[in-house]
1. Across the stretch 113-165, what is the number of residues that are small (G, A, S), open to solvent by less than 70 Å² (accessible area, probe 1.4 Å) and in a loop (DSSP other than H, G, I, E, B)?
2. Out of (1) of a type outside the set (V, I, T); (2) surrounded by fewer than 17 Cβ atoms within 10 Å (Cβ to Cβ); (3) assigned to a helix (DSSP H, G or I), what's the single condition that is false for A67?
3. What about G59, is it within 25 Å of R172 (Cα to Cα), over 17 Å from the mean Cα position of the chain (by Cα) and assigned to a helix (DSSP H, G or I)?
4. Could you tell me whether the stretch 93-112 includes any residue that is open to solvent by less than 50 Å² (accessible area, probe 1.4 Å), touching a Phe, Trp or Tyr at 6+ places or on another chain (Cβ under 7 Å), modelled with pLDDT under 90 and not polar (S, T, N, Q)?
5. Which residue is surrounded by the fewest Cβ atoms within 10 Å (Cβ to Cβ), if the candidates are limited to the stretch 18-49 and must be in contact with a Gly (Cβ under 9 Å, 6 or more places away or on another chain) and farther than 21 Å from G141 by Cβ?
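The values are calculated or read from the model by the stated rules, or taken from the named source; none is laboratory data. Keep in mind it's a predicted model, so treat the numbers as computed, not measured. Backbone-built Cβ (ideal geometry, glycine too); neighbour counts: all protein chains shown. Accessible surface is based on the protein model in full, side chains and every heavy atom, while ligands, DNA and RNA are left aside. Shrake-Rupley method; radii C 1.70, N 1.55, O 1.52, S 1.80 Å.
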Amino acid sequence: MARLLAIHGPCRLGTKPKRHERFASIARAIVYQQLAGAAAGAIWERVRQGLSGDCTAAGILEAGPEALRAAGLSAAKTAAMMDLAERDLSGTLGLAGLGHLGDEEVVTRLTQVTGIGPWTAHMFLMFTLHRLDVWPVGDLGVRKGYALAFALPAVPASADLIELGEAFRPYRSVAAWYCWRACERA
């Protein structure tokens, strides 16, 4: 880790979004699921432009699924965005109170939304709620970066990475950030 710190400098997990930005944060994570950064970024910008730059639950529902599909979202991601918006407006998601819940409770709440799995919930915990001890073992970049950073002969399986991450507790989010940076240098 000292070598990674020397190469990449201090960890920069970003600034904490305001409560009213939580919806857009989750929506953005849905767009980025299983896509390369550049492609996801282009689609996210088209979604935002279609919503006049402000991604809200009301805006998503008003725009409708056709507008989301026209921006480049798959049918599954469109369904996820619509479900997210409906749950947010109905109050069943409780975005404003998520910061008061434990990590597992946040994951449980978010994964009730169609199309949101553990990866998306983990990204929300790390980059929106700024939780420092999240270890997204399902993220291929973290797995590859760990192998690169620690000169492993192969990329560890998700199950193996669980135990390997214990050494970084309670700062596994920081370790994940450095694993992503290791991938960028490769």
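1. Taking the stretch 113-165 as the starting set, the residues that turn out to be small (G, A, S) are 115, 117, 121, 138, 141, 145, 147, 149, 151, 154, 157-159, 165.
Those still in the list that are open to solvent by less than 70 Å² (accessible area, probe 1.4 Å) too: 115, 117, 121, 138, 141, 145, 147, 149, 154, 157-158, 165.
Those left that are additionally in a loop (DSSP other than H, G, I, E, B): 115, 117, 138, 154, 157.
Qualifying residue count, the stretch 113-165: 5.
2. (2)
3. Numbers: within 25 Å of R172 (Cα to Cα): no; over 17 Å from the mean Cα position of the chain (by Cα): yes; assigned to a helix (DSSP H, G or I): yes.
Considered against the rule, which asks whether it is within 25 Å of R172 (Cα to Cα), over 17 Å from the mean Cα position of the chain (by Cα) and assigned to a helix (DSSP H, G or I), G59 comes out as no.
4. No - not one qualifying residue is present in the stretch 93-112.
5. R19
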